[in-house]
1. Between the stretch 114-179 and the stretch 403-461, what is the C-alpha centre distance in whole Å?
2. Label the stretch 1-49 by shape, choosing from rounded, prolate and oblate, from the square roots a ≥ b ≥ c of the eigenvalues of the Cα gyration tensor; if a/c is under 1.5 it is rounded, and otherwise prolate applies when a/b is larger than b/c, oblate when it is not.
3. I need the shape label for the stretch 217-334. Rule: rounded when a/c is under 1.5, else prolate if a/b > b/c, else oblate, with a, b, c from the alpha carbon gyration tensor.
4. Calculated from the structure, semi-axes √(5λ) of the Cα gyration tensor in Å equals which of [x] 39, 24, 21; [y] 33, 30, 19; [z] 37, 30, 24?
5. Quick check on the stretch 163-250: take the gyration tensor over C-alpha atoms, sort the square-rooted eigenvalues as a ≥ b ≥ c, and tell me if it's rounded (a/c under 1.5), prolate or oblate.
6. Where in the stretch 314-334 does the label zone of residue 19 land, with the point 7 angstrom along Cα→C-beta and an amide N cut-off under 12 Å?
7. Order these by the 10 Å Cβ neighbour count, fewest first: 102, 24, 313.
8. Rounded to the nearest 0.05, what FRET efficiency is calculated for residue 148 and residue 218 with R0 set to 41 Å and r the Cβ-Cβ distance?
C-alpha cells in the first residue's frame, strides 16, 4: 500500500487536503482534511441578533446570499415573522440568482477544465475540450460576460453582491417599481438567451421536458451532430467516454431542507430519500460528531446543533480535520443538486438514480437540470411581483428566543441554529452543505460522503494528483470556507 497527499486543490473555494491510501491501483481509503479554522460562530456570541446579518455573509464570497437568507430565516423564526409575498419573491429571486451563477461558474471554471488536461490528449474529443481550458478557453470568455450581466440582479434588488444587507427577516429592504421589474425580467431574459444558445443549445422547456436517462441519451446524441449542440451536450459526451458514471458513488441517503419558500411550502421539496422513496426529514435527527475534528468534545457525544459547541482544540486525539461530522440519525447523508432534484421527484434525476445512483456524472447533470428549472421559476417570480404592495415587515426582536433557518444553497442543505438570551446571541451554530459532504469520520468510524465516494477510484501509474480524484471532488463542488466557518 502507498500513500498520497493530494492538495491543496486548485479551482476549489478554500483550502482542501486529502490523504489517500492506494492499493493495487485503486484508492483503499480517503481522509478529507479541511485545514483552516475561522471561528465565525464564536465571533457571533454576545452580539445583537441582527448582527448575524452583517457577519455571516462574510463566511464566503461565492455563496454569501445563501448565508444571509439562512440567517434571515433563523431570525424570522425566532420572531414569528413571515415576509409578505413580494418579500418572499425577491428573497427567492436573489437566492436563485446566486445559485444559478454558482452552478454555471462551477461548470465553466471549476469542473470542465479537467477535460482539457494532458491526460486526455489522446481522446477523440480532446480538441473540443480545449474550449474549456483553464485561463485561456473560449468557453470562459463567453460565459463570464453573461454571468456579469445576470448578476446585475444583485445590484438591482440587493444593493450589491456579495455581503448584501438588503435581505432581512421580514423580506427585503429594496422595494421595486414597474421600471425595475421590467429591468429584472430583462436580466433574466439575457441569461435565457445565453443558456439556450451556448449552454444547452436548445430551449429551456425542452431540457425541462427530459424525463428519463434514455431521453437524455437521445437528446445528447441528437445535438452531437449539430454545430450548436451546446456545452452541456459536450459535457455529456466527455463524461461518458471518461467513465464518470462509475466514479464517486453516493451514500444512498440524500437530504434537502426544501428550497425557495412558496405558499407555505417550497418550490423544491424538503425531505429524505433512501431506498427509492422520499420521507420526512426530522430536525431532531441531526447531530454533530466531533470524534475526528480538532474541536472540544462534549462528554455525552454528538449533540444537536441547537446545543452545539464550536471550540477549537488543536490537540484533540485522533483528529485530522477542522470540519465536524454532521449525521442524520447517525447516518452519512449527501446533499446538493442531485439530492434536491431527487427528493423533489424530478423525472430525469429520478431515472438516473435508478440507473446508476449518485455519481460524478449525475451530480453535474442534476445541476444542469436545476438551472433550467430555476430560470423558468425566476421568470414566474419576477412577473408575480406587485410593486404597490409591501416588500418587508418588521417586528421587535425578543429578549429570549430560539430560531432555525433551513434553506438550500447551490451546494446543498444549509442550516443556522440561533439561541437568544437577554437580547444577545448566546449560541449560533451553522452546518453548511460541504460540512455534510466533506465531513471526516465519526465516532463509529463511518467515513464522510466524499471520503466514501473516493474509495475504489483508479489511480493511474505515475499520478500524484489522480484525475479520478479531481473529478469526484469537484462533482460535489466543495466550498471549504463555508465548511470551517
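1. 25 Å
2. It comes out prolate by the Cα gyration axes.
3. The shape class here is prolate.
4. [y]
5. Cα axes put the stretch 163-250 in the prolate bin.
6. Those under the cut-off are 318-321.
7. If I rank by nearby Cβ atoms, fewest first, I get 24, 313, 102.
8. E(calc), rounded to 0.05, equals 0.75.
Coordinate-derived values only; no laboratory data. None of these values were measured; they are calculated from a predicted model. Cβ sites come from the backbone with ideal geometry, for glycine too, and all protein chains shown count toward neighbours.
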